[in-house]
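The values are calculated or read from the model by the stated rules, or taken from the named source; none is laboratory data. Just so we're clear, the structure is a prediction, and the values are computed from it rather than from any experiment. Cβ placement follows ideal geometry from the backbone for every residue including glycine, while neighbour counts extend to all protein chains displayed.
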There are 2 protein chains.
Amino acid sequence: MAPSLEAEPESVASVLANPQKPQLVAPEPEHCPGPESQQAGTADSCAGCPNQAICATAPKGPDPDIPLITARLSGVKHKILILSGKGGVGKSTFTSLLAHAFATNAEQTVGVMDTDICGPSIPKMLGVEGETIHVSSTGWSPAWAMDNLAVMSIQFMLPNRDDAIIWRGPKKNGLIKQFLKDVEWGDLDFLLVDTPPGTSDEHLSVNTYLKKSGIDGAVMVTTPQEVSLLDVRKEIDFCRKAGIKVLGLVENMSGFVCPKCTHESEIFKATTGGGRKLAEEMGIAFLGSVPLDPRIGMACDYGESFFDSFPDSPACRALKGVVKGLATEMGLDPEVVMPEEDDA
Amino acid sequence: MAPSLEAEPESVASVLANPQKPQLVAPEPEHCPGPESQQAGTADSCAGCPNQAICATAPKGPDPDIPLITARLSGVKHKILILSGKGGVGKSTFTSLLAHAFATNAEQTVGVMDTDICGPSIPKMLGVEGETIHVSSTGWSPAWAMDNLAVMSIQFMLPNRDDAIIWRGPKKNGLIKQFLKDVEWGDLDFLLVDTPPGTSDEHLSVNTYLKKSGIDGAVMVTTPQEVSLLDVRKEIDFCRKAGIKVLGLVENMSGFVCPKCTHESEIFKATTGGGRKLAEEMGIAFLGSVPLDPRIGMACDYGESFFDSFPDSPACRALKGVVKGLATEMGLDPEVVMPEEDDA
């Protein structure tokens, strides 16, 4: 028999439903009250079970921190996750561009939470790499990239910029919880949650902790390549299983226009139809294609706003279309979310 | 006081030394025998400690599976990790190119182990996406991409290609252990271990499980951008702390030559000196720069060997230089590792 994951059809649902399930040393016995139940470790059937001590000491019932998180985030109007599946498709870049776009309206306040613990890029991209966190009796203060743009990342807590953060899952989950529970986010119009690649600890934790306070949905970022689309399909599957609405798909690095001869090359070729076809197949909104523009990467390396630096570039126009499409998907007025300079 | 990670200076070393340390519910008391010691949970000082039950039931001493892994891999001459820090810089692409390069010598046998559990790309890139795993009494058979190129990935175990693999750390670690312990790798000249981005569960596990059988070293992959170099520095820090030799650094996607006018553009601009400067700074070997060639991505999407398809392209010549440099760093004869067609 081939070792197939089909043997455990319940595992995904059970992981999502019971994020706190303790790690057992033996299979659950027939009359097990459930390792996460109130009777775990103390029921009659627990006597003699090798898991008894583990179950008895494991945390019971709903996480007591979740109401605290919900209270802390009560002033946050919209919560958006940025997901991709594959790494390096421009997730953090898109998150920082989206933050700058929302922040162009001075009456909106935007927060960015970087849940990529082992490879935080957001502080660099938003130009707040040198910041540290200040703590008062009411909580941790985020760093402010602009008057109306708050940022929180593990990068602010590192003694040395180049230190590796060698953390297994539980420590990462603990920090993400602190970012939600202890940071003084205050009144925000948008909280953007940038995630690392994959569908693992960070994604499960963000979903668990934010479920009660409500997630507006997730934006998927991909490149046109099949290897990236492959992982986006997995990420959409994750969202469906976790009950997170997919707000739409953005195709990044769609084509490169030679600055000398204006010939457009498909650097990451869409051998299987690219993002637009995938969005159609999966029944989600296609928010647009953003061409590959080296100046986006440069703006990120320097921590500047690409919107301010190159407002007339094709990439900037494409990004504005994506932001407006996203606002529409969220039921917001695109002209309020990102007012055009010309209209002002 | 700002919450700094400096408060726990021992954590990295302790994580690396005690991969099995149980998760405690309270701080270790003054006379704690150590939660991973043989006396854990049973010493006099354990009486009344809230961790007692957890420590008593946690696994003790060295992992009994490590000698099994060492025995299973006794026929593997060289073990190479491919690391990057950031995602999407071409780690899996480079791994598959390296595998094809080593496999050009028909007398060498190469194995590729994909430890990216949540976003496996290797099967697609090596053209074995549709394979499943066969199990016999002696172990799991890897998939064979060529007569002398074996592959193992979680992708082979999925009932549906697009299923999300929503696993927290411990389950990922368990599968990586099985890939090393249960797969019939047989006699290999090279085992290439492709890793996901970051410095977390997968990296710690691979290091722990392979330590005894010996890792030749790690190849770092980066793009010229500062946001990627930032994460590579963290990954080099990880290797130093974990005692893994860094064999060298490859700069990927270094420049793009317009197919129409041959003008070269720096798509991912090296605003801070790129890979070469980083390698100098960190005192590691710089193996070379590989230009961005859309045909590499296409070859990967189709699961073909880029070396066979476009042997005369600049990217192919650059890659050959990288492979030869790597062979030299490993103390091998470059002409044996990858014989040139012309010389044959």
Fill in: Every residue from region A:187-211 that is hydroxyl-bearing (Ser, Thr, Tyr), part of a loop (DSSP other than H, G, I, E, B) and either in contact (Cβ under 8 Å) with a residue 60 or more places away in the chain or not assigned by the TED database to the domain that holds A:Leu278 (or both)
A:Thr195, A:Thr199
Worksheet item: Any chance region B:222-234 includes a residue that's farther than 19 Å from B:Gly90 by Cα and buried (at least 23 other Cβ atoms within 10 Å of the Cβ)?
Response: no
Item to complete: Determine if region A:61-83 includes at least one residue that is touching a Lys or Arg at 6+ places or on another chain (Cβ under 6 Å) and within 12 Å of chain B (Cβ to nearest Cβ).
Response: no
Worksheet, complete the sentence: Expected single match for at pLDDT 95 or above, in contact with a strand residue (DSSP E or B) (Cβ under 6 Å, 6 or more places away or on another chain) and farther than 30 Å from A:Asp162 by Cα among B:Leu149, B:Leu180, B:Leu81, B:Leu191 is B:Leu149
Worksheet entry | Single condition B:Ser74 does not satisfy, out of (1) within 28 Å of B:Ala164 (Cβ to Cβ); (2) assigned to a loop (DSSP other than H, G, I, E, B); (3) touching a Ser or Thr at 6+ places or on another chain (Cβ under 8 Å) | (1)
Worksheet item: Would region A:200-209 turn up any residue that is more than 7 Å from chain B (Cβ to nearest Cβ) and closer than 21 Å to A:His100 by Cα?
Response: no
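Please pick out the residue among A:Val323, A:Val246 that is of a type outside the set (Phe, Trp, Tyr) and either over 23 Å from A:Ala145 (Cα atoms) or not assigned by the TED database to the domain that holds A:Ser84 (or both).
Values: A:Val323 fails: either over 23 Å from A:Ala145 (Cα atoms) or not assigned by the TED database to the domain that holds A:Ser84 (or both).
Answer to the selection: A:Val246.
Residue-wise test of (1) more than 30 Å from A:Glu129 (Cα to Cα); (2) among the small types (Gly, Ala, Ser); (3) free of Cβ contacts under 8 Å to residues at least 40 places away in the same chain.
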{"position": "A:Ser305", "(1), (2), (3)": "no, yes, no"}
{"position": "A:Phe310", "(1), (2), (3)": "no, no, yes"}
{"position": "A:Cys316", "(1), (2), (3)": "no, no, yes"}
{"position": "A:Leu319", "(1), (2), (3)": "no, no, no"}
{"position": "A:Val323", "(1), (2), (3)": "no, no, no"}
{"position": "A:Thr328", "(1), (2), (3)": "yes, no, yes"}
{"position": "A:Glu340", "(1), (2), (3)": "no, no, yes"}
Discussion item. Any residue at all in region B:227-236 that's more than 7 Å from chain A (Cβ to nearest Cβ), in contact (Cβ under 8 Å) with a residue 60 or more places away in the chain and over 13 Å from the mean Cα position of the chain (by Cα)?
Written reply: yes
Worksheet item: Is it the case that B:Gly75 is touching a Leu at 6+ places or on another chain (Cβ under 7 Å), over 22 Å from B:Glu335 (Cβ atoms) and surrounded by fewer than 19 Cβ atoms within 10 Å (Cβ to Cβ)?
Response: yes
Worksheet item: Does any residue of region B:91-111 turn out to be surrounded by 24 or more Cβ atoms within 10 Å (Cβ to Cβ), assigned by the TED database to the domain that holds B:Pro197, touching a Gly at 6+ places or on another chain (Cβ under 6 Å) and within 17 Å of B:Val193 (Cα to Cα)?
Response: no
Discussion item. So, B:Glu266, is that one among the acidic types (Asp, Glu) and under 18 Å from A:Gly297 (Cβ atoms) or not?
Written reply: yes
Practice prompt. Answer yes or no: is there a residue in region A:279-297 that is basic (Lys, Arg), more than 23 Å from the chain's Cα centre (by Cα) and over 26 Å from A:Leu126 (Cβ atoms).
Written response: no
